[in-house]
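Novice: Sharing a structure with you now.
The values are calculated or read from the model by the stated rules, or taken from the named source; none is laboratory data. Since we're looking at a predicted model, the values are computed, not measured. For neighbour counting, all protein chains shown are included, and Cβ atoms are generated from backbone atoms with ideal geometry for every residue, glycine included. Heads up: the accessible areas ignore ligands, DNA and RNA and are worked out on the full protein's heavy atoms, side chains in. Shrake-Rupley method; radii C 1.70, N 1.55, O 1.52, S 1.80 Å.
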Amino acid sequence: MKNERILVIGALGQIGRELTMALKKLHGVENVIATDRVDSQADEDTGFRVLDVLDKAAFSALVKSEGITQIYMLAAILSATGEKNPQLAWNVNMQGLLNTLDIAVEQKVEKVFWPSSIGVFGPLSPKINCPQFTVTEPETVYGISKCAGEYWCNYYHKKYGLDVRSVRYPGLISYKAKPGGGTTDYAIDIFHAAIKEAFYNCYLEADATLPMMYMPDAINATLKLMQVTKEKITIRTAYNLSGMSFSPAQIAKAIQQHIPEFKICYTPDFRQEIAGAWPQSIDDSYAKADWGWSPEYNLQTMVKDMLHNLHNISETEVQKN
Ligand code: NAD
Ligand code: SER
């Protein structure tokens, strides 16, 4: 395999931490430069740098000095936080992507990964098995930025031949890093609350079904998409991607099978309106056909694995104290 030089931007986030580890395993620790706007004392390992994706000069200099061949641009302001600060969300999500695309073209970076989201869909999109090509019309700043971002990726591919690849991740569930202000974060918070106090007050309604995915599947999908030959990529906006779909009531029931005393109540807030405009399930047949995508986890296997790992983490923490 060719010696790739990888740059991860937004590497301290929910996806970034796990994707960076997977990329180091694949390409070698010394070939992966993990960056974020904030510093991290926990990341004293090789290759961590501070980089604000909006600082185009510093970004460009780093790509040049490190001979970067692939960029994973994960920096973003997510849907719920974005509604509280629309200008910031637009600036980071849009200008951050445009800086990435420009620098990649200027410096002949071979491949770029930038994630889109189910947030591109809106109330007029089909709710069940939402197709790849359909009405989008997002109603959040986050969704508008992802929708525009998809078209910019397609534009840079068509106009400059840039090999930029993208997926519309569903809500991602993981235990290794905290989520960063999304509408789907309840599906992570619920595990911590169930283990800690056997009770969770959910900010979505009981039947707010959403497309979700367990992090190991999201990492696999990302690596798979980035490894496939470019001739197989027929979509240069972003591929629909599906893992599982469930509502707060359904995940609560699945948790109760392991923690019978667990109880949930519902106090919907502004995030219910965001969730209510998104599809309940996604048709990812293009990802399956083009690059052989297939998820491993369903609701039951994901819940079992999450609880197992979170129990292990709390036991290690207890032992340390
Ligand atoms: P996150 O909020 O956990 O992490 C984002 C990271 O970006 C943070 O570490 C933050 O410090 C960093 N960042 C913010 N502004 C920056 C800047 N100006 N320069 C450099 N870094 C900056 O987000 P995540 O969940 O890891 O999401 C990563 C990507 O995946 C985003 O594009 C997001 O839209 C997309 N996505 C995530 C989900 C999900 O459920 N987590 C679903 C769909 C799409
Ligand atoms: N999980 C993300 C969010 O809720 C979807 O992109 O913002």
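Novice: Classify the range 161-306 from the C-alpha gyration tensor, please: rounded if a/c falls under 1.5, else prolate or oblate depending on whether a/b exceeds b/c. Each step should come with its number before you reach the end.
Specialist: Values: a/c = 2.47, a/b = 1.93, b/c = 1.28.
Since a/c reaches 1.5 and a/b is larger than b/c, the shape of the range 161-306 is classed as prolate.
Novice: Which chymotrypsin sites (Phe, Trp or Tyr not before Pro) in the range 41-122 sit in a loop by DSSP (not H, G, I, E or B) and have at most 12 other Cβ atoms within 10 Å of their own Cβ? If you can, show how the numbers build up before the last one.
Specialist: On the way: sites: PHE48, PHE59, TYR72, TRP90, PHE113, PHE121; in loops: PHE121.
Hits after loop and neighbour filter: nothing returned.
Novice: For the chain, just list the percent of Cα-Cα distances falling in each 20 Å bin from zero outward, please.
Specialist: Reading the bins upward from 0: 32, 59, 9.
Novice: For VAL228, VAL29, give the ranking by accessible area with the largest first, probe 1.4 Å.
Specialist: Numbers: VAL228 25, VAL29 70 Å².
Ranking VAL228, VAL29 by accessible area, largest first, yields VAL29, VAL228.
Novice: Ok, one more. State in Å² the accessible area per residue of the range 1-101; use a 1.4 Å probe, count heavy atoms of protein chains only, and round to the nearest integer. Let's see the in-between values first.
Specialist: Numbers: 4580 Å² over 101 residues.
On a per-residue basis, 45 Å².
Novice: Turning to a different aspect of this structure: Mind listing which GluC sites (Glu not before Pro) in the range 63-108 are in a DSSP loop and have 16 or fewer other Cβ atoms within 10 Å?
Specialist: Values: sites: GLU66, GLU83, GLU106; in loops: GLU66.
Here the sparse-neighbourhood loop sites are GLU66.
Novice: Starting at the first residue of the range 248-259, write each ³J(HN,Hα) from the Karplus equation 6.51 cos²θ - 1.76 cosθ + 1.60 with θ = phi - 60°, in whole Hz, x for Gly and Pro.
Specialist: Values, residue by residue: x, 5, 6, 6, 4, 4, 5, 5, 4, 5, 9, 10 Hz.
Novice: Sticking with this structure for a sec: For the chain, give the share of DSSP beta bridges that are antiparallel, in percent and rounded to the nearest 5; count only bridges with both residues there. Please report the intermediate quantities before stating the final value.
Specialist: Numbers: 3 of 31 bridges.
Roughly 10 percent of the beta bridges in the chain run antiparallel, per DSSP.
Novice: Sort GLU205, GLU18 by heavy-atom solvent-accessible area, probe 1.4 angstrom, most to least.
Specialist: Details: GLU205 80, GLU18 25 Å².
The most accessible residue leads, giving GLU205, GLU18.
Novice: Report the gain in length on full extension from GLN256 to GLU110: 0.36 nm times residue separation, minus Cα-Cα distance, nm rounded to one decimal. Let's see the in-between values first.
Specialist: On the way: separation 146, 0.36 × 146 = 52.56 nm, distance 4.73 nm.
Value of the extension gain: 47.8 nm.
Novice: Here's a follow-up. What accessible area per residue comes out for the range 113-268, rounded to a whole number of Å², with a 1.4 Å probe? Provide the component values of the computation, followed by the final result.
Specialist: Numbers: 6140 Å² over 156 residues.
Dividing the accessible area of the range 113-268 by its residue count gives 39 Å².
Novice: Here's another thing I want to ask about it. Taking amide H atoms as placed 1.01 Å from N in the peptide plane, list the residues 5 or more away in sequence, or in a different chain, whose amide H sits under 5 Å from that of ARG49.
Specialist: Residues meeting the amide H criterion: ALA34, THR35, ASP36.
Novice: Provide Rg over Rh for the range 72-131; use the alpha carbon set for both Rg and the Kirkwood Rh (inverse mean inverse pair distance). Write down the numbers at each step before the final one.
Specialist: Details: Rg = 14.3 Å, Rh = 13.4 Å.
Across the range 72-131, the Cα-based Rg/Rh ratio is 1.07.
Novice: In debye, nearest 20, what is the charge dipole magnitude of the range 197-243 about its Cα centre with +1 on Lys and Arg Cβ and -1 on Asp and Glu Cβ, if you could check?
Specialist: Working: 4 positive and 5 negative charges, 107 e Å.
Once rounded to the nearest 20, the dipole reads 520 debye.
Novice: Just how large is the dipole of the range 129-274 about the Cα centre, in debye to the nearest 20, putting +1 at every Lys and Arg Cβ and -1 at every Asp and Glu Cβ?
Specialist: Details: 15 positive and 14 negative charges, 152 e Å.
Charge dipole of the range 129-274: 720 debye, to the nearest 20.
Novice: Figure the gain on full extension for LYS2 and LEU88 (residue separation times 0.36 nm, minus the Cα-Cα span) and round it to one decimal in nm.
Specialist: Working: separation 86, 0.36 × 86 = 30.96 nm, distance 3.80 nm.
Gain on stretching LYS2 to LEU88: 27.2 nm.
Novice: Let me ask something else about it. Which listed residue (ILE173, GLY10, HIS308) has the Cα farthest towards the positive end of the charge dipole for the chain, taking +1 on Lys and Arg C-beta and -1 on Asp and Glu C-beta about the Cα centre?
Specialist: It is GLY10.
Novice: Could you work out how much longer the chain between ARG49 and GLU296 gets when fully extended? Use 0.36 nm per residue separation minus the Cα distance between them, nm to one decimal. Don't skip to the answer; put the middle values down first.
Specialist: Details: separation 247, 0.36 × 247 = 88.92 nm, distance 3.34 nm.
Working it through step by step, the gained length comes to 85.6 nm.
Novice: If you plug each phi of the range 268-273 into the Karplus form 6.51 cos²θ - 1.76 cosθ + 1.60 with θ = phi - 60°, what whole-Hz ³J(HN,Hα) values come out, in order, with x for Gly and Pro?
Specialist: Karplus-based 3J(HN,Hα) across the range 268-273 equals x, 10, 4, 6, 4, 5 Hz.
Novice: Which ³J(HN,Hα) values, rounded to whole Hz and listed in residue order, are derived for the range 196-212 from phi using the Karplus coefficients 6.51, -1.76 and 1.60 in 6.51 cos²θ - 1.76 cosθ + 1.60 with θ = phi - 60°, glycine and proline given as x?
Specialist: Each residue of the range 196-212 in turn: 6, 9, 6, 8, 9, 9, 8, 7, 10, 6, 4, 9, 6, 6, 9, x, 9 Hz.
Novice: Ok, one more. With a 1.4 Å probe and every protein chain kept in, tell me what percent of the accessible surface of the chain is carbon plus sulfur. Write out the running numbers ahead of the final one.
Specialist: On the way: 7370 of 14330 Å².
Of the solvent-accessible surface of the chain, carbon and sulfur hold 51 percent.
Novice: Sorting check: for 141-153, 242-254, which peptide has the highest mean count of neighbouring beta carbons within 10 Å, and how do the rest follow? Kindly include the intermediate steps, with their values, before the conclusion.
Specialist: Details: 141-153: 22.5, 242-254: 20.7.
Going by the mean number of other Cβ atoms within 10 Å, highest first, we get 141-153, 242-254.
Novice: What accessible surface, in Å², does a 1.4 Å probe find on TYR155, ignoring ligands, DNA and RNA and rounding to the nearest 10?
Specialist: Around 100 Å² of this residue is reachable by solvent.
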